[in-house]
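Below you'll find the structure, written out as structure tokens, and then a few comments.
The values are calculated or read from the model by the stated rules, or taken from the named source; none is laboratory data. Treat the numbers as computed from the prediction; the structure is a model and nothing was measured. Ideal geometry is used to build each Cβ from the backbone, glycine not excepted, and the neighbour counts take in all protein chains shown. To get the accessible areas, we keep the full protein, side chains included, count just its heavy atoms, and leave off ligands, DNA and RNA. Shrake-Rupley method; radii C 1.70, N 1.55, O 1.52, S 1.80 Å.
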Amino acid sequence: MDTRQWRDTIAAAQDGDRRALDELVEGWLPLVYNIVGRALNGHADVDDVVQETMLRAVDNLGSLRDPDSFRSWLVAIAMRQIRDRARRRTPAPLDESATGGAADFAELTVLRLQLEGQRREVAEAVRWLDDEDRQLLSLWWLEVAGELTRRELAAAVGISRQHAAVRVQRMKERLETSRGIVRALDGACPDLRELTARWNDRPDSVWRKRLARHIRGCGYCGDTRESVVPPERLLVGIALVPIPVGFTLSLALGGKTAAAATATVASVSWSAKVLSALTQPVVAATAGATIVAGGAYVVTQTPDAPPPRVAVSPTAASTHRPPPVVDTPSVSPSLSPSPSATPTKAVLYGSVVDAVDRAPDPDTPPAALPHRPETGVTSTGGAHAVMNHRGDSVTLAGKGYVLVRWQISPQYRAGGLVMPSWTGLRGELFHVASGGGRRMDDPVSATDSTATGMGNATVGYTVLPAGTQQMWQNEYFYLDGSVTLTVNERGADYGLSVFPSSWDAAEKDITTGPDQGVKRYGLVRDTGKDDTPVPQYVTRSTPADAATVAQESRVSAP
């Protein structure tokens, strides 16, 4: 829908014309409904989020200076409401009965647009995506359908167009994994039937990982005889899902105006082209259809080498093995909880690696965190990369702080943990602080004395390799250069979230103490000198399998 066609209607609505306002609400309701519906996959909250979005849009319409930016502005409001709803939602097991009969949006897409074949497969794969991916897909789907631009998609997510391209590419990769799951479940693999015997038919991230792992190693499920069409080519020409008959939107706006729309396909003020598409079988896109230059067919490339470094970055501290020394003496207080600091020689970069240490006293505030130079870190995973499968990776580049957050899942699969690794390092990488309010081996239950973040006596425990430092919920690193972090999950189940961060965020995290509701203060490992540990699994090379990086690897100075 072209906003310019609505310029006069928007201007009239801003001037208080109730009819124009009603027309505006009815005309743009389908777009908002599709964004919210796909992002929440038909959850019972869809109606409330749509209503809140339209209410806020109408209430703040007078603040819109450029009518041509109405669509971008409206989409941004919708995304804020979706994220606000996610923040308000209390983390609890999903109760399917709580949906109150709300339609699964994937099912609506298939049935109401009469999708078949691989188009149906794509629509159903959406069920397997995490919330954040579904939010992005709700916008990308409309971009491919010609209802949004890439600039509007990026603005709605709150990132640059370059980061949006990367985020879309990673979402598409997870969508392809989910398509493979849908395809496999439609097949007749006997091993898959045995694996899913205990599955409750509700898609979730745990079963997505299990099924994806099976498909990767199964000759039957992994044998795709039908040519797989890229999703953007399948989505070209797919219209918006029509609003359900009886869907009611009520906006109570006091003395300003009131707009109410009980939507049916016939009553929605939409273009004749789209209205026709809503009632006709979807015409297949031609095999040669592609999207280029600002569309959604994007290739992610590893960032180029960073510019030459001007100065050597200082480093951090915590080791129990004597490092090699150089001629220049210096004093380096240990930040591990040993009782006293001892003078040591300055060490070469890369000679001090993370080592086993014991947890500090919970009520002991951390040492001061040195403030290293930071110009910012870019990430191929965007502002929040979620990595749940073996081989998932993110490449980081720049000068600044990075947060890696651990999610251990022994209840799904306990046992030996294969640590993630840092590969292709250019420049320097230091482990500077640990936070999140707890170490992963801290107790987590008031009723089960055996339970920690690493498991319990009932489900078993996640076990670290010998000599590996226990991770905390949040681990902070300082990067000056570029490096790739890869998940090597093969034994115990775990996931990582990776965020470009800042000194301010790290400082706030580690100085939050037990009196503020956490288990313990954080731990500073950085002395500001060249004696800070580098990550235990790190290399300047790029091995074919990142899991082969030596456990106590050392890297030379750049």
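Remarks
- Burial order of peptide ranges 408-416, 393-401 (average beta-carbon count within 10 Å, highest first): 393-401, 408-416
- Inter-label distance for Leu195 and Ala466, nm, one decimal - labels placed 7 Å from Cα along Cα-to-Cβ: 3.3 nm
- Positive-end ranking of Asn474, Val404, Gly391 along the dipole of the range 375-518, with charges on Cβ about the Cα centre, is headed by Gly391.
- FRET efficiency, Arg83 to Thr364 (Cβ-Cβ, R0 45 Å, nearest 0.05): 0.80
- Computed from backbone phi, the HN-Hα couplings of the range 520-533 come to 7, 4, x, 10, 8, 10, 9, 9, x, 10, 8, 9, 8, x Hz, rounded to whole numbers (Karplus: 6.51 cos²θ - 1.76 cosθ + 1.60, θ = phi - 60°; Gly and Pro given as x).
- In range of the label at Thr458: residues from the range 394-422 whose backbone nitrogen is under 20 Å from the point 7 Å along Cα→Cβ: 408-415
- Overall, the range 426-558 carries a charge dipole of about 120 debye about its Cα centre when +1 sits on the Cβ of Lys and Arg and -1 on the Cβ of Asp and Glu, all other atoms neutral.
- Per-residue Karplus couplings for the range 196-204, computed as 6.51 cos²θ - 1.76 cosθ + 1.60 with θ equal to phi - 60°, are listed in order as 8, 4, 9, 6, 8, 6, 9, x, 8 Hz, Gly and Pro entered as x.
- Across the range 413-425, computed HN-Hα scalar couplings (Karplus, 6.51 cos²θ - 1.76 cosθ + 1.60, θ = phi - 60°) run 6, 8, x, x, 9, 8, 5, x, 10, 10, 10, x, 5 Hz from first to last residue, x flagging Gly and Pro.
- Unsatisfied cross-links (Cα-Cα over 31 Å) in the set Lys399/Lys508; Lys172/Lys399; Lys172/Lys529: Lys172/Lys529
- Simple spin-label estimate for Ala505 and His371 gives 1.8 nm between the two label positions (7 Å along the Cα-to-Cβ direction from each Cα).
- Entry comment: accessible area of the range 449-558 is 36 Å² per residue, from protein heavy atoms only and a probe of 1.4 Å.
- Separation of the Ser449 and Asp545 label points, Cα + 7 Å toward Cβ, nm: 4.2 nm
- Taken about its Cα centre, the range 339-470 carries a charge dipole of roughly 360 debye when the Cβ of each Lys and Arg holds +1 and the Cβ of each Asp and Glu holds -1.
- Peptide ranges 30-37, 486-493 listed from the most packed, as the mean C-beta count within 10 angstrom indicates: 30-37, 486-493
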